[in-house]
Amino acid sequence: MIARPFSRRFLLQGAGALSLSALPFGRARAAGSLTVGFIYVGPKDDYGYNQAHAQAAKALKGMPGIEITEEERVPETNAVEKTMESMINLDGATLLFPTSFGYYSPYLLAEAKKNPKIQFRHCGGLWSDKDPKNAGSYFGYIAQGQYLNGIVAAHASKSKKIGFVAAKPIPQVLNNVNAFLLGAQSVDPSITCQVIFTGEWSLAVKEAEATNALIDGGADVVTCHVDSPKVVVETAARRGAFVCGYHVDQSPLAPQKYLTGAEWNWLPIYKDFIASMQAGKVPQNFVRGGLADGFVKMSPYGPGVSEAARKNADAVKAEMLKGGYEIIKGPLKDNTGKEIVAAGKAYPEKAAELESTNYLVAGVKGSV
Amino acid sequence: MTLDIVQMVLATVLAAATPLILAGIGELVVERSGVLNLGVEGMMIFGAAAGFAVAMQTDSTLLGALGGAAGGLLLSALFGILTVGLAANQVASGLSLTILGLGLSGLVGASYVGVKRDPAPHLQIPGLTDLPGVGKLLFGQDAFVYLAAGLVAAVWWFLWHTRKGLTLRAIGDDHVATHALGLHVRKVRFLSVLFGGACAGLGGAYLSLAYTPFWSPGMTAGRGWIALALVVFASWKPLRVAAGALLFGGATVLQLHAQAAGLGLPGQLLSAVPYLATILALVLLSLGQRQGGSLAPAALGRVFTPSR
């Protein structure tokens, strides 16, 4: 990326930046317009997490009375604090969406305390009522999408081994790994899933190495939870394995090998937050939704998906669209043999317990 | 079937070791001449970007590889002018070179992020490549792998079996005495620096043209620093650089396979294995050398200014 020599955060570090922002020659804004700031950890065109948010931000630009300010490739360090401050002081943003997981603590929390009149909404399941009231979080039950990915993967797999390239062993990622395998095991209980954690949201070479290692280990269908699935999708397809996508539709990257994918649809959430702000209300602090709420959607089926797989996945999807679908249900053990859900107990998508998942289910080869 | 899996894993180990061999063998020559270039990471990443850019523009992997080598050579020339020509501090110049290389690679590679390209072709010899167990490993690699092996042999031969190699080693051990004997210290060092830069650039080009193959900012991910450590680990001996690179490449690949196999160890710990292996090897090596003193070139890192 070409570094901008005078990006907001560098300007802000200059001695006069804060005083300049108060002067009348700041950026001109329409009276009564709402300025919304989006902050991304990676590039906006990453075929992944950041692109999913950026697509929603782009759609918002056409709405009346809204100004959008964006900054991409902001690391999960105090650099994000500088970016938030500059969006507030230089751009006049009153609603901020720092989208990356690592932005929340301590950076967003510190800025929320410093700027009580500004609303901060973070993507992830981290907000609790102990946190500032002008902060909040939103997320989607995308594990539902990964469960459907798993169903389709099971139908396509000949080796009965599926693979998962994961970034970090946090609850959201672990829920996706578990859902992917449980979806596959709903078709064939003998299927196993190998998982490799790269340790970073975006580490292209290691993602390629991990994908190759999974395929070398016998996996013939691969999915992932990293910021940009592009590398995983292309590497797997080149090796002849099938792929299930994540974040956005990656079918253009591997038209023949792409089965389907779990996609985000952030636009309804952002519209809801903005509508609250425009009505003079405080946006909700804790927002969740899945397929039924339109927060999550599935990519179209690829040519490698059989008719039986389509019917199976569509039937489960129809159940999910009714709401309250239970992926994690007992009796269920983790991959160390410990019981995690007793018989007769189940966690629907809204269950708070899923926000603190710290296990991999039986059948997943890997460690937290 | 098991033999095929072993062969596949060994092939990936070899692939992971190749960029380290290329960069490490170049840095070994540089350090043998008495110059410490800490800019390997910068030259590598710039080589990766330049190589990919040239390959995309010309649709030629060969020209891309040459472009990567030229990119590394260009940065090393700058380093050589500063440290050999102008007697600047080698540590500061090398670190600056890494930062410069990272920045320039972002500039050169900006329009190539996410662009797809077919990997460098692999050797196909009917009857040999298909040999069970060893065929693909020995006769099914890409040209970079064979070039890396050839470079190790060539550098070993050059340093220990030629007069010019002896001259280079002598300059690395005592630049004052060799200068007094009428040897061209600065010329030899400058050429060594250029060779090291070309090798580092080639190592970077391998990553973007064969190993992945794509361009991504920061894709070297510390491999340049590992190459520097390998030279020390290898006691400045070419064959040991290759062995060390295979050890590190093996640790890199095997920790991924270990994760996938579900050994019950945390992924974070397994990810640290390659680096822990390198540190452990260096510690064991230094313990073994306590008796015999340092094996490093005696004039390594020392600035040479010829008396007027």
Discussion item. In the range B:214-248, what residues drop by 30 Å² or more of accessible area when the other protein chains are put back, versus the chain on its own? Use 1.4 Å, and skip ligands and nucleic acids.
Written reply: B:F214
Worksheet item: Looking only at other chains, what is the average number of their beta-carbon atoms within 10 angstrom of each beta-carbon in B:270-276?
Response: 2
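Counting Lys +1, Arg +1, Asp -1, Glu -1, what net charge surrounds A:M277 among other residues with beta carbon under 13 Å of its beta carbon?
Working: positive: A:K117, A:R121, A:K271, A:K281; negative: A:E67, A:D272.
So the environment of A:M277 carries a net charge of +2.
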Worksheet item: Given the C-alpha centroids of the range A:63-78 and the range B:1-67, what is the distance between them in whole angstrom?
Response: 37 Å
Worksheet item: Are there residues in the range A:180-204 whose accessible area shrinks by at least 30 Å² when all protein chains are included rather than the chain by itself, and which are they (probe 1.4 Å, ligands and nucleic acids not counted)?
Response: A:I196, A:F197, A:A204
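What is the mean number of Cβ atoms from other protein chains located within 10 Å of the Cβ atom of each residue in peptide B:7-15, rounded to a whole number? Before the final figure, lay out the partial values.
On the way: counts 0, 5, 3, 0, 1, 4, 0, 0, 2.
Per residue, the average neighbour count from other chains is 2.
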Worksheet item: At the nearest 100 Å², what buried accessible area, both sides summed, do you get for A and B when the probe is 1.4 Å?
Response: 2400 Å²
Worksheet item: Which distance in nm do the two modelled labels at B:T162 and A:E339 give, with both placed 7 Å along the Cα-to-Cβ direction?
Response: 7.3 nm
Worksheet item: Per residue, what accessible area does the range B:107-176 have, given a 1.4 Å probe and all protein chains present, in Å²?
Response: 57 Å²
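For the protein assembly as shown, what does the alpha-carbon gyration tensor say about shape, rounded, prolate or oblate, given a ≥ b ≥ c as the root eigenvalues, a/c under 1.5 as rounded, and a/b over b/c as prolate?
In terms of gyration-tensor shape, oblate.
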Item to complete: Roll a 1.4 Å probe over the protein chains and send me the accessible area per residue for the range B:189-256 in Å².
Response: 24 Å²
Worksheet, complete the sentence: Rounded to the nearest 0.05, FRET efficiency between B:L86 and A:K114 (Cβ-Cβ, R0 56 Å) equals 0.70
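If Lys and Arg each add +1 and Asp and Glu each add -1, what is the summed charge of the other residues whose beta carbon sits under 11 Å from the beta carbon of B:A200? Walk me through the intermediate numbers first.
On the way: positive: B:R223; negative: B:E27, B:E41.
Spelling it out: positives minus negatives among the neighbours equals -1.
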Practice prompt. Would you please give the FRET efficiency between B:L123 and A:K297, computed as 1/(1 + (r/R0)^6) with r the Cβ-Cβ distance and R0 = 41 Å, to the nearest 0.05?
Written response: 0.35
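Starting from 0.36 nm per residue, how many nanometres of slack lie between A:L321 and A:K160 once their C-alpha separation is accounted for? Can you show the working numbers first?
Working: separation 161, 0.36 × 161 = 57.96 nm, distance 2.83 nm.
Full extension of this stretch gives 55.1 nm more.
Determine the per residue accessible area of chain A with all protein chains present and a 1.4 angstrom probe, expressed in square angstrom.
Working: 14070 Å² over 368 residues.
Ligands and nucleic acids excluded, the result is 38 Å² per residue.
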Worksheet, complete the sentence: Length-normalised contact order of chain B, Cα under 8 Å, at least 6 apart, in percent, tallies to 36 percent
Worksheet item: Which values of log₁₀ I(q)/I(0), to two decimal places, follow from the Debye formula for chain B at q = 0.11, 0.13 Å⁻¹ with a uniform point scatterer at every Cα?
Response: -0.67, -0.92
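Out of the DSSP beta bridges found with both residues in the protein assembly as shown, what percent are antiparallel (nearest 5)? Before the final figure, lay out each step's value.
Numbers: 10 of 49 bridges.
Once the DSSP bridges in the protein assembly as shown are tallied, antiparallel ones form about 20 percent.
Rounded to the nearest 0.05, what FRET efficiency do B:V115 and A:E200 give with R0 = 25 Å and r taken as the Cβ-Cβ distance? Could you check?
Working: r = 22 Å, r/R0 = 0.86.
About 0.70, to the nearest 0.05.
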Fill in: Relative contact order, percent, the range A:33-140 [alpha-carbon distance under 8 Å, six or more residues apart]
26 percent
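Per-residue counts of other Cβ atoms within 10 Å, averaged by peptide: what ranking do you get for B:189-197, A:272-280, highest first? Before the final figure, lay out each step's value.
On the way: B:189-197: 24.6, A:272-280: 14.1.
For the peptides B:189-197, A:272-280, the packing ranking is B:189-197, A:272-280.
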Worksheet, complete the sentence: A 1.4 Å probe over the protein heavy atoms gives chain B a carbon and sulfur accessible-area percentage of 71 percent
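Mind putting a number on the dipole of the range A:33-140 about its Cα centre? Charges go on the C-beta only, +1 for Lys and Arg and -1 for Asp and Glu, and I need it in Debye to the nearest 20.
On the way: 11 positive and 13 negative charges, 59 e Å.
Dipole of the range A:33-140, to the nearest 20 debye: 280 debye.
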Discussion item. Between A:A59 and B:V6, what is the label-point separation in nm under the 7 Å Cα-to-beta-carbon projection?
Written reply: 5.4 nm
Response to the item:
For the range A:319-368 the residues that are at least 10 Å² less accessible with all protein chains than alone, 1.4 Å probe, are A:K365, A:G366, A:S367, A:V368
Item to complete: Heavy atoms only, probe 1.4 Å: what % of the accessible area of the range A:33-140 goes to carbon and sulfur, would you let me know?
Response: 53 percent
Worksheet, complete the sentence: Connecting every pair of Cα atoms under 10 Å apart in chain A and solving the GNM, the largest mean-square fluctuation among A:L96, A:L148, A:L321 falls on A:L321
Fill in: 222 nm mean residue ellipticity, helices alone, for chain A (DSSP H n ≥ 4; -39,500 (n - 2.57); rounded to 500)
-9500 deg cm²/dmol
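The values are calculated or read from the model by the stated rules, or taken from the named source; none is laboratory data. Keep in mind it's a predicted model, so treat the numbers as computed, not measured. Cβ: placed from backbone, ideal geometry, glycine included. Neighbour counts: every protein chain shown. These area figures cover heavy atoms from the full protein model, side chains too; ligands, DNA and RNA do not enter into them. Shrake-Rupley method; radii C 1.70, N 1.55, O 1.52, S 1.80 Å.
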